[in-house]
Amino acid sequence: MTDSWKHVLNVLYLNGAVLCVSDDVQTPVVVSIDEDPEGVEETLELLEARFSTAITPLVSSGAKTIIPKILEDLKKGIADSKIQIDNDTAIQAFIIGQVSQMLESRNNLLNRLLVEGAFRLGEVLAANVFDSLAKLWRGHIQSTLEEIDYQDMVEGLRKLGLIESRLQVSICPNCANYELVVSRFLGGPDACPKCGESWTTAKLYSFVPAYEKAKLRNADLALFISSYLRNKVSQLAPLGNLDVNPNATLSLKGVRFEVDVYLPQFNMGIECKIFENSFAPMTTTRLGSIKGPLTKQIKNYASLGIKKIGIVTNLPMDANEKLKATLTKEIRPGSVAFEMVPGDVEELVKWLDLLATRIAEEFNKALEKSVQSYVKPQPELRHPPPGIFANRPKREVETPPTTSMSGQSKGPPNQIEAS
Ligand SMILES: [Zn+2]
C-alpha cells in the first residue's frame with residue numbers, strides 16, 4: 001500500500017455530519033488551503049475595513065449564505081459556467097443574481113449604496129468567503145486529522161475523482177488583490193497577477209454524488225471494509241466464495257438490527273463507529289455515553305448468533321484502548337469474541353489483512369478436505385466436511401448493494417433475514 005492510498009483512506013474516519021457546510025445544508029465538503037490562512041488575516045481585515053462599517057455585518061451574513069447557495073446551484077447545474085469575480089462590475093452582476101434579494105429584503109439602504117457604487121463589494125465578499133472556508137478547514141482539522149494528513153487526503157481524493165471543485169478564492173497578502181472563482185474546473189495562477197508575489201488560495205470541494213450519499217450515512221467505511229475483504233480473500237483463496245454484506249439489516253423475532261459488515265459464513269459482524277470528534281478526551285462521562293449503546297449493539301449481534309465481532313473506530317489508540325477495557329468489563333466472558341481496531345489507516349489495513357488471511361485459510365482447508373474426500377473416498381468423509389461449506393440455514397438476501405467506493409448507484413440497504 002503506497003502512501004498516497006493511506007492518505008486518501010483517512011476520509012473514512014471523517015464523520016459526514018462534521019464535513020457538512022452547516023446544519024441547514026447537508027452537503028459534506030472538504031477545503032484545501034495552499035498557505036497558512038493566518039498569513040492573510042491582516043489583508044482580510046484591511047479589505048473589510050475599507051468597507052462602510054455600517055454595512056459589513058450585512059455583507060458578512062450574505063457571504064455565509066452564499067456558499068450553500070452556490071453549492072445548491074451547482075448541484076442543479078444552473079451555475080455550471082465559470083464565473084470569475086475579480087472586479088466590482090462582475091461582482092455586482094454576481095451579487096444581483098445570487099444574493100441581492102436577500103440583502104435587499106434586509107436593508108434597502110444597502111441596495112441604494114450598491115447602485116451608487118459607494119463601496120467595493122467584491123473585496124469584502126472575497127474576504128468573507130475566504131474567512132468562511134478557513135473556518136471550515138480549521139473545524140475539519142481540529143476534530144479529525146492532522147493538518148498535513150488532511151491536505152494530503154484532499155489532494156488524493158481530487159486525483160481519484162471522488163471530489164469536485166466548487167469555488168476558489170485567492171487573496172494576495174502583498175497588494176490586497178483578490179479573485180473569487182465559482183466553477184467545477186478550477187486552476188489559476190499560484191502568484192498574484194497584479195504584483196507577482198505568491199498569494200493564498202482556498203478551494204472548496206464537494207463529493208461526487210454516489211460518495212456523498214455514503215458519506216452522509218457514514219456508510220463508506222463499511223463499504224470499504226467489504227470490498228477490501230472480498231478482494232483480499234479472492235487473492236488468497238481464489239476458490240473461496242466470501243459472502244460479505246455491507247450495511248446489512250438482520251431481523252430476529254420481528255426486531256431489526258443493523259450490522260455494518262456481516263460475514264454470515266463466519267458468524268462475524270463488524271461494527272463501524274465514526275465519532276464526530278474523534279480527538280475529544282475520553283472522559284468518564286464520554287466513555288459512559290458511548291459504552292451503553294455499543295454494549296447493546298454487541299448483545300444484539302450475539303443474539304443473532306454473531307459470535308465474532310470486530311469494532312472499527314476513528315478513535316486514537318489510547319481512547320480506543322480505554323473503550324476496549326470498558327467494554328471487556330461489560331461483556332459476559334465467553335459470550336462473544338470481539339476485537340477493536342483504532343482509527344489508524346495502517347492498523348485497519350493490517351487487521352483486515354490478518355482477517356482475510358484467516359478467512360482464506362479456512363476456505364483453503366475446507367477445499368483441501370473436500371478434494372481429499374473426493375480422491376480417497378472414505379465412508380465417514382462422503383459428506384461435505386462440516387464448517388463453512390456445511391449446509392447453512394437459508395437466508396433471504398436481496399440484491400446486494402454496490403460495494404465499490406465509487407459505485408454508480410446505491411440500492412436499498414441489504415435485507416437479510418436471519419433464521
Ligand atoms: Zn499582489
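Every number here is computed from the coordinates shown, using simple stated rules; none is lab data. Everything numeric here is computed off the predicted structure, so don't read it as measured data. Note that each Cβ is placed from the backbone with ideal geometry, even for glycine, and that neighbours are counted across all protein chains shown.
Per residue, the convex hull around the alpha carbon atoms of region 253-306 comes to 96 Å³.
Among the listed pairs Lys232/Lys365; Lys6/Lys203; Lys215/Lys253, those with a Cα-Cα distance over 24 Å are Lys215/Lys253. Note on Glu42 and Lys369: the extension gain reaches 110.4 nm, defined as 0.36 nm multiplied by sequence separation minus the Cα-Cα distance.
Could you calculate the contour length gain from Val25 to Trp5, that is, 0.36 nm times the residue separation minus the distance between their Cα atoms, to one decimal place in nm? Taking 0.36 nm per residue and subtracting the Cα distance, the gain is 4.3 nm. Extending 7 Å from Cα along the Cβ direction at Leu252 and again at Glu164 yields two label points whose distance is 4.3 nm. Each peptide in 140-149, 297-306 was scored by the mean count of other Cβ atoms within 10 Å over its residues; highest first, the order is 297-306, 140-149. Label-to-label distance for Thr283 and Ser198 is 4.1 nm, based on points extended 7 Å past Cα in the beta-carbon direction.
Across all directions, the shadow cast by the convex hull of region 223-341 built on its C-alpha atoms averages 8.1 square nanometres. What does the charge count around Thr283 come to, taking other residues whose C-beta lies under 14 Å from its C-beta (Lys +1, Arg +1, Asp -1, Glu -1)? Within the 14 Å Cβ shell, the charges total +2. Averaging the Cα positions of each part gives two centres, and for region 1-47 and region 151-223 these lie 9 Å apart. Here the 3J(HN,Hα) profile of region 193-209, calculated from phi with Karplus coefficients 6.51, -1.76 and 1.60 at θ = phi - 60°, is x, 7, 10, x, 6, 6, 10, 9, 10, 10, 10, 10, 10, 10, 7, 5, x Hz, Gly and Pro shown as x.
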